[in-house]
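Worksheet for the structure shown next.
The values are calculated or read from the model by the stated rules, or taken from the named source; none is laboratory data. Being a predicted model, the structure only gives us computed values, none of them experimental. All Cβ positions, glycine included, derive from the backbone under ideal geometry; neighbour counts span all protein chains shown.
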Amino acid sequence: MTFAVMAVALALGAWLAARPFLARRPARWPLEPPDTRDDVARAVSSLRDLEFARAAGTIDPADHARLRARLEASAFARPALDRPAPAPTRTFVVAALLAGIAAVLVVAALPEAAGDRAPGATITGSVPQGAPSVADLEAQVRERPNDIPSRLALADAYRAEGRATDAVEQYRAVLALEGDSVPALNGLGLLLFQSGSVDGALVASERVLALRPRDADALFLKGLALYRMEDLRGAVDVWTVFLDVGEFHPAAPMVRPLYKLARERAGP
């Protein structure tokens, strides 16, 4: 509210400052003298057209004589300078006024839009706005235990913090509410693989692929599990599909050398 009042006050001050310029009689732009370098060419061209019209019979002889005399008389006459055109002072003042108002509004709104900033950080802010903290997500889950998106978000947050046990608990809670939740199965499968349960990761990925045959996350995890189990041929088959559908997947750069090695080791 304070910024809005400031913006209005500054805009009003700018308007009052510009009023004398808007009321003043506008100045005139100086005009350059006419360029007469092409007068001869223009006169010759006009006379040629006039003679062509006379030869073609499309102009009355009296009109021909009158127009020829006028062309010959005015070919090299210097026309009087037109009255100078008004300089667009008013336009400049109004444009500057509008630009000033816009700048004030931007400056007033920028602190709120930029969010919190760390010392020395850029004005765009360094603290993401709108992303709930783990505590916020925990409160949401306590308030709405059956809210699947909140539980998935909390599980992902736990996993990002390295709290694997808490993340597994949330993924399992989601699966209890929705047995075919692909995000929960993928998240749980990845945690199982990281904990050393390769068989559990393989089961989770196969369950996802039964629901969504070309799911990139599940293809990546299944290929990784098969590679760990020394099923190189199976890993190659799965990763062939993965590299097709997951070309830009974050894990693709890691899979490519493993895929190449698995193909070489698996043989023809």
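Remark: L219 falls outside the filter, which requires a residue to be at pLDDT 95 or above and in contact with a Pro (Cβ under 6 Å, 6 or more places away or on another chain). List pairs: first residue in the stretch 190-218 and within 15 Å of D180 (Cα to Cα), second residue charged (D, E, K, R) and surrounded by fewer than 16 Cβ atoms within 10 Å (Cβ to Cβ) anywhere in the structure, Cβ distance under 6 angstrom, at least six positions apart or on different chains. Correct list of pairs: L211/D180. Take the conditions (1) within 33 Å of the chain's Cα centre (by Cα); (2) surrounded by 13 or more Cβ atoms within 10 Å (Cβ to Cβ); R256 misses just one of them, which is (2). Cβ-Cβ distances below 6 Å connect the following pairs, each with a first residue in the stretch 227-240 that is under 12 Å from G267 (Cα atoms), a second residue that is hydrophobic (A, V, I, L, M, F, W, C), and a separation of six or more residues or different chains: L232/A262; L232/A266; R233/A266; V236/A262; V236/A266.
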